[in-house]
Amino acid sequence: MSSTIRRAALMAAAASALAAPAFASSEAPRRQSLDEAWWTGPLLASGAGTLPTGHILFEPYLYDAKPYGSFDADGKRHSAPDADNIGSSAYMLYGVTDTLTAGFIPHLGYRRAGGRWSQGLGIGDLTAQAQYRLMQYEEGKRPTLSVMLQENLPIGRHDHLEGRPNDGFGSGAYATTVGLNSQYLFWMPNGRILRTRLNAQYTRSDNAKVRGASVYGTPTGFTGKAQPGDSFLVNLAFEYSITRNWVAAMDLAWQRDDSTKVTGRLGGGGFERRYPVSKALILAPAVEYNFNSSVGVIVGARIVPAGRNVTASVTPAIAVNYVR
């Protein structure tokens, strides 16, 4: 073969290599299997599934809600005093049957506001929860869908707070929440799984008897009641399975709280106060690390970047999820 022909052959081979790299492939990306994806769950949205009979879920949260401003009725943000609202909530759930899960969520708190801390660790209200699964996920056909019922049991302190305004961690009112939770799986173009959750819930509260200084802003000597407004929340959450262990999560939520009305008597005269309707946009980015299919941890923050008559806040949070 002459040198000219050899050079032409080498150039043709080089051009072919550039046109079709060694790593190019017409095959579709390998689809991730369900066994290759472990989940903890996003920071806020509840799952739609139920535990198998006899199984338990334990998921304690630790967080610190820090205000960075307050939004007025027009949505303009104003400055707010620095504060810390440290809290803990722990989901303790049990699989009563394959389609019914029930349990409790205790709440604890420790607060700093106005340059003073609460006198110690405070007990908040207790939440009782039950969830019944209406349908099970089937790819391409239907999501997992459940109805959830929660009852707020007012065991936390909410009034008689004279000299201790930071010690109120309860509401003083029974409240019933009815919710609908759904969950679905999508496979992305690269073959990885995107898990989605959609929650919608409505809460209605009873009246709370109030005496003296309280979490409702009443002064010493007040006697009467508070009527918390109804609340509506919708939350859309995404979880992307980066690897078997690592997951990126994001919650997008909107909440509306109706006006809370306080009425009673103070110093021989009538007393009435009405708090305005509040609306909040809520974001919660987070990262999950799952040690195995039963144990995982999530770290993120709940952020209120916009709203009406609501506190602008950032709430760093960490939770551990354990299922057995």
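Taking 0.36 nm per residue of separation and subtracting the Cα-Cα distance, what length does fully extending V277 through Y68 add?
My answer for the length gained is 73.2 nm.
May I have the extent of the alpha carbons of the range 199-264 along their three principal axes, as whole Å values ordered from largest to smallest?
Per principal axis, max minus min of the Cα coordinates gives 59, 20, 14 Å.
Would you calculate a helix-derived [θ] at 222 nm for the chain, using -39,500 (n - 2.57) for each DSSP H run of n ≥ 4 and dividing by the full residue count, to the nearest 500?
Roughly -2000 deg cm²/dmol at 222 nm, from the helical runs in the chain.
Tell me the angle of helix 3-19 to the major Cα principal axis of the chain, expressed in degrees between 0 and 90 and rounded to the nearest ten.
Between helix and principal axis, roughly 20 degrees.
Could you calculate the contour length gain from A28 to D82, that is, 0.36 nm times the residue separation minus the distance between their Cα atoms, to one decimal place in nm?
14.2 nm
Rank these for me by crowding, D84, D251, going from fewest to most other beta carbons within 10 Å.
Ranking D84, D251 by Cβ neighbours within 10 Å, fewest first, gives D84, D251.
Reported to two decimal places, what Rg/Rh ratio describes the range 151-192 when computed on Cα atoms with Rh from the Kirkwood expression?
1.45
Taking a spot 7 Å from the Cα of Y137 along the direction of its beta carbon, which residues of the range 26-57 have an amide N less than 12 Å from it?
33-42, 47-50
To the nearest 0.05, how large is the calculated FRET efficiency for F291 and A130 if R₀ is 35 Å and r is the Cβ-Cβ distance?
Once rounded, the FRET efficiency stands at 0.75.
Taking 35 Å as R0, compute the FRET efficiency from the Cβ-Cβ separation of D230 and Y322 and round it to 0.05.
For D230 and Y322, the calculated efficiency is 0.55.
For the chain, list log₁₀ I(q)/I(0) at each q in 0.13, 0.14, 0.16 Å⁻¹, using the Debye formula over Cα point scatterers of equal strength and ignoring solvent, two decimals each.
-1.04, -1.18, -1.46
Would you mind ranking T260, T99 by Cβ crowding within 10 Å, fewest neighbours first?
Exposure proxy ranking, most exposed first: T99, T260.
FYI, it's all coordinate maths here, none of it is from the lab. Computed from a predicted structure; not experimentally measured. Virtual Cβ from ideal backbone geometry, glycine too; neighbours counted across all protein chains shown.
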